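Engineer: One structure follows; several queries about it will come next.
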Amino acid sequence: MRLIKTALMVMLAGCGIGEQSRDAADADLLAPALELYSLAKLDEALPLFQAAAVAQPANPDAHAWVAETARRLRQFELVASATRAALAIDPCHSFTHAVLGDAYRPELSNWDKVDPDSSWAHFMRAVDCDPTDGNPWIGIWTAAMHRGDHAMEERALSQLLETEFLTPSVLAFNRWVLRSLPANAILITNGDWDTYPALALQLAEGVRADVGIVNRSLLNLLWYADLMSERHGIALPAPRTELEQYQPRRDKAGHPVLLSDHIIMRWTELESLSGRPLVFAPTVDMTTFGSNPRLQFAGAGWRLNPSAGAPNVDVESVRAAMDAIEGREFSTSEVSVQDRSAVRRSAARGRSLAKVVLYTAVRYVDESLKSGAQAAAEEGVRWAERFADQAGMGPDERRWLDSLNAAVRKRG
């Protein structure tokens, strides 16, 4: 650890921080580590967090950041030692208990000590120690579903709102997606920011309570697949015994097909999903499903039509979705300052949700050009530029709009 700190001091000296500034550097070692962490550069961030823990041995946050980064890098011996150090300083350190909750969590961790009861205990300890920390409530939400504790499941979603863990931009995006859906739709979501916020809005505001939300990643867990089938009245596409024996494989293009994608692809082959429209959120990577001729981009996502032959894009519904959202709703950060997810922090830096909305405009413009609707395409570009301006997107984040503009001018 001394070598780590010495190397860091050399690096800082090369950046203009000399001997006289070492005390100040020691006090702020977490800042450069957090910057790298927020860029998802975990291998680079970890030694800096370790240096911070050496320089600030009585700071439980420094040890907890070591543990959290090590957990994401699957270095569980380091997780164990760093969390011991943090809890020795503060036995009621919420951050540390949340790290351990995730480390013990079977759905998320490959630690040989995974244990759902230990995970639950640490998550509950985390929120008891700091009720304002929204991070552990995500783990509590998943665990509560698995435990059949519906009241705690709903409480977790409510707490994500109450702690302001879900930002206005994230909530605006999810309201937009939900309101664009056909009645009684089953919405396939991709990950965090198109699942928890949508469920929280349904619970707290009653936004599109008719929609069933199914998380693609969690669908790899059979208990979750069973729960979604029961909760939303949608039959699993094969007997459970067959799904239990499913082995991951690759499709013709070489892409991995996990259990979740196997289930979803089988659903897309049906005439209907228990009479409910199947829709993919715009955040879902459609590589695995995009070749299905029945898929159509409509509203703010991909819909499965009853039969093939429909246009690839439903221009009218896409335009209606564009008119239902404004860039100013994305003028604030997509991630809360308290959010400790490297993935979400990194995505927020790239304005990921705002870009998803803009890609909707791209599809509208492209389809308008294909049909010869030049005026509509030009208006679509103006809409995209206005949205980007309102959202405060910089040149790097909107550079691709230049190519969109060029394509429209070329056709004109």
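Engineer: Given a Förster radius of 56 Å and the C-beta distance between Gln374 and Asp226 as r, what FRET efficiency does 1/(1 + (r/R0)^6) yield to the nearest 0.05?
Structural biologist: 0.65
Engineer: Please sort by residue number the trypsin sites (Lys or Arg not before Pro) in the stretch 314-412 whose DSSP state is loop and whose Cβ has at most 11 other Cβ atoms within 10 Å.
Structural biologist: Sparse-neighbourhood loop trypsin sites (Lys or Arg not before Pro): Arg399.
Engineer: For Ala88 and Lys41, calculate 0.36 nm times their separation in residues minus their Cα-Cα distance, and state this gained length in nm to one decimal.
Structural biologist: So the extension gain works out to 14.1 nm.
Engineer: Pull out a ≥ b ≥ c, the square roots of the eigenvalues of the alpha-carbon gyration tensor of the stretch 187-321, then state rounded if a/c is under 1.5, prolate if not and a/b is larger than b/c, and oblate in the remaining case.
Structural biologist: Here the stretch 187-321 falls in the oblate category.
Engineer: Right, next: In debye, nearest 20, what is the charge dipole magnitude of the stretch 237-287 about its Cα centre with +1 on Lys and Arg Cβ and -1 on Asp and Glu Cβ, if you could check?
Structural biologist: It comes to approximately 40 debye.
Engineer: Calculated FRET efficiency, Asp389 and Asp366, Cβ-Cβ r, R0 25 Å, to nearest 0.05?
Structural biologist: Result of the calculation: an efficiency of 0.70.
Engineer: Considering only protein heavy atoms, what per residue accessible area in square angstrom results for the stretch 34-107 with a 1.4 angstrom probe?
Structural biologist: Each residue of the stretch 34-107 exposes 37 Å² on average to a 1.4 Å probe.
Engineer: Something else: Roll a 1.4 angstrom probe over the protein heavy atoms and tell me the percent of accessible area of the chain that is carbon or sulfur.
Structural biologist: 52 percent
Engineer: Which distance in Å, rounded to a whole number, links the C-alpha centroids of the stretch 250-316 and the stretch 326-381?
Structural biologist: Centre-to-centre distance over Cα atoms comes out at 21 Å.
Engineer: Using +1 at the C-beta of Lys and Arg and -1 at the C-beta of Asp and Glu, which of Gln245, Ser317, His262 has the Cα lying farthest in the positive direction of the dipole of the stretch 244-333?
Structural biologist: Checked the options; the winner is Gln245.
Engineer: The stretch 49-71 to the stretch 153-202: how many Å between their Cα centroids?
Structural biologist: One Cα centre to the other: 33 Å.
Engineer: Between the DSSP loop rule and a limit of at most 13 other Cβ atoms within 10 Å, which trypsin sites (Lys or Arg not before Pro) in the stretch 189-294 are left?
Structural biologist: Lys252
Engineer: Provide the packing ranking of 304-314, 82-92, i.e. peptides ordered by the mean count of other C-beta atoms within 10 Å per residue, highest first.
Structural biologist: So the peptides 304-314, 82-92, ranked by packing, come out 82-92, 304-314.
Engineer: Nearest 10 degrees is fine. How inclined is helix 168-179 to the longest principal axis of the chain, computing both from alpha carbons?
Structural biologist: 30 degrees
Engineer: Taking only protein heavy atoms into account and a 1.4 Å probe, give the accessible area per residue of the stretch 210-349 in Å².
Structural biologist: I get 46 Å² per residue for this part.
Engineer: To continue, here is another question. Add +1 for every Lys or Arg and -1 for every Asp or Glu among the other residues with Cβ under 11 Å from the Cβ of Leu100, and state the total.
Structural biologist: The answer is +2.
Engineer: Magnitude of the Cβ-charge dipole of the chain, K/R +1 and D/E -1, about the Cα centre, nearest 20 debye?
Structural biologist: 1120 debye
Engineer: Tell me, what is the percent relative contact order of the stretch 50-131, built from C-alpha pairs under 8 Å that lie six or more residues apart?
Structural biologist: Relative contact order here is 25 percent.
Engineer: How many times 2.2 N^0.38 Å is the alpha carbon radius of gyration of the chain?
Structural biologist: Cα-based Rg divided by the globular estimate yields 1.09.
Engineer: Can you give the longest run of the chain that contains no GluC sites (Glu not before Pro) sitting in a DSSP loop with at most 13 other Cβ atoms inside 10 Å?
Structural biologist: With GluC sites (Glu not before Pro) excluded where exposed in loops, the chain gives 1-163 as its longest stretch.
Engineer: Normalised by the residues of the stretch 278-360, what does the relative contact order come to in percent, with Cα pairs under 8 Å and at least six apart?
Structural biologist: 24 percent
Engineer: Give me the orientation-averaged projected area of the Cα convex hull of the stretch 99-241, in nm², one decimal.
Structural biologist: For the Cα atoms of the stretch 99-241, the hull's average projected area reads 9.0 nm².
Engineer: Pairs of Cα atoms under 8 Å, at least six residues apart: use those to get the relative contact order of the chain, whole percent.
Structural biologist: Computed value for the chain: 11 percent relative contact order.
Engineer: Just to verify a number: FRET efficiency for Ala31 and Glu77, C-beta to C-beta distance, R0 = 22 Å, to 0.05?
Structural biologist: Working from the Cβ atoms, E equals 0.25.
Engineer: Given q = 0.11, 0.25, 0.26 Å⁻¹, what are the Debye log10 I(q)/I(0) values for the stretch 291-369, with equal point scatterers placed on the Cα positions and solvent ignored?
Structural biologist: Log-scaled intensity ratios, in q order: -0.39, -1.09, -1.14.
The values are calculated or read from the model by the stated rules, or taken from the named source; none is laboratory data. Note that the coordinates shown come from a computational prediction; the quantities given were computed from them, not determined experimentally. Heads up, the Cβs are rebuilt from the backbone with ideal geometry, glycines too, and the neighbour counts pull from every protein chain shown. These area figures cover heavy atoms from the full protein model, side chains too; ligands, DNA and RNA do not enter into them. Shrake-Rupley method; radii C 1.70, N 1.55, O 1.52, S 1.80 Å.
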